[in-house]
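The values are calculated or read from the model by the stated rules, or taken from the named source; none is laboratory data. This one's a predicted model, so the numbers in the text were calculated from it and none came from an experiment. Note that we place each Cβ from the backbone using ideal geometry, even for glycine, and neighbour counts take in every protein chain shown.
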Amino acid sequence: MLSYLHWQFIAGPQALARILWNVQRALVRYFSVGFLLRTLFAHWHRDFVRYDRSSFGTMFISFAWNQISRGIGLVVRSAVLLAWLCIQIPYTVLAILLWLVFLAAPFIIAALLAGGMYVYRI
């Protein structure tokens with residue numbers, strides 16, 4: 001009985017928390033969150049134009065294209081980060097609920113059995 005209680009309330013929750021944490025880390029790596037945050041304002045696929053200092057018009061066109069490239073990169077990277085958040089937030093909530101249900105499962109089962117015995121007057 002003591003080994004079951006140790007597993008149910010100490011070893012089991014630790015193992016489950018470790019598994020849930022590893023899945024969370026896998027989501028962060030799958031979506032490359034660190035890389036996307038570091039390069040959020042970088043050019044899209046390093047597509048930039050070198051500045052030609054021959055005239056103001058060519059410098060302006062180079063500047064405009066570089067800003068468009070940065071804007072495209074920002075939009076695409078932000079969309080991927082938003083998709084990650086749309087997955088990460090429900091996962092975190094469900095992981096916490098699963099962990100709490102795992103801890104409370106013996107008490108829930110005992111309460112349901114007691115309630116069933118009371119209803120059927122066993």
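Pick out, from segment 1-78, the helices (runs of 4 or more DSSP H) lying fully within it that include 2 or more residues that are at pLDDT 95 or above.
12-30, 33-38
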- Task: Determine whether G34 is small (G, A, S), out of contact with any Pro (no Cβ under 8 Å at 6 or more places or on another chain), surrounded by 10 or more Cβ atoms within 10 Å (Cβ to Cβ) and over 29 Å from V75 (Cβ atoms).
- Result: no
- Item | Check on T58, surrounded by 11 or more Cβ atoms within 10 Å (Cβ to Cβ) and within 23 Å of the chain's Cα centre (by Cα) | no
